[in-house]
Amino acid sequence: MVVILSREDGEGSQASSSEVLRSAQDDVLSEILNALDMPRSGLLRWLDHNTRFCIRHGGERRYGEWLRLYEQCRAALEENHAR
């Protein structure tokens, strides 16, 4: 499936459904992180703590999904910080 994204100037660009889904997931993740009402530095410290725990207690094999989620959270925080 291909989605046409319209711009204000009337020109469109194509995005695959996976790109649109990823963008929507990033938006939801950003909303969730904002709803935690924690300072960015505190969130980063918390994510680092959880990442270290996962690595020490089984790593990618056991906690792969959690590690990817923490990385997505860090990326969302970086993107929000850059705005």
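The values are calculated or read from the model by the stated rules, or taken from the named source; none is laboratory data. The structure displayed is predicted, hence computed values, not measured ones. Positions of Cβ are generated from backbone atoms using ideal geometry, with glycine treated the same way; all protein chains shown enter the neighbour counts.
Report, by residue number, each residue of the range 43-83 that is of a type in the set (Gly, Ala, Ser) and either buried (at least 16 other Cβ atoms within 10 Å of the Cβ) or under 9 Å from the mean Cα position of the chain (by Cα) (or both).
Going through the range 43-83, the residues of a type in the set (Gly, Ala, Ser) turn out to be 58-59, 64, 75-76, 82.
Passing the criteria: 75, 76.
When the residues of the range 18-31 are filtered to those that are within 17 Å of residue 83 (Cα to Cα) and loosely packed, with under 13 Cβ neighbours inside 10 Å, which remaining residue is modelled with the lowest pLDDT? Steps first, please.
Step one: list which residues in the range 18-31 are within 17 Å of residue 83 (Cα to Cα), which gives 23, 26-31.
Applying the additional criterion that residues be loosely packed, with under 13 Cβ neighbours inside 10 Å yields 23, 27-28, 31.
Working: 23: 74, 27: 87, 28: 90, 31: 93.
The extreme case among them is 23.
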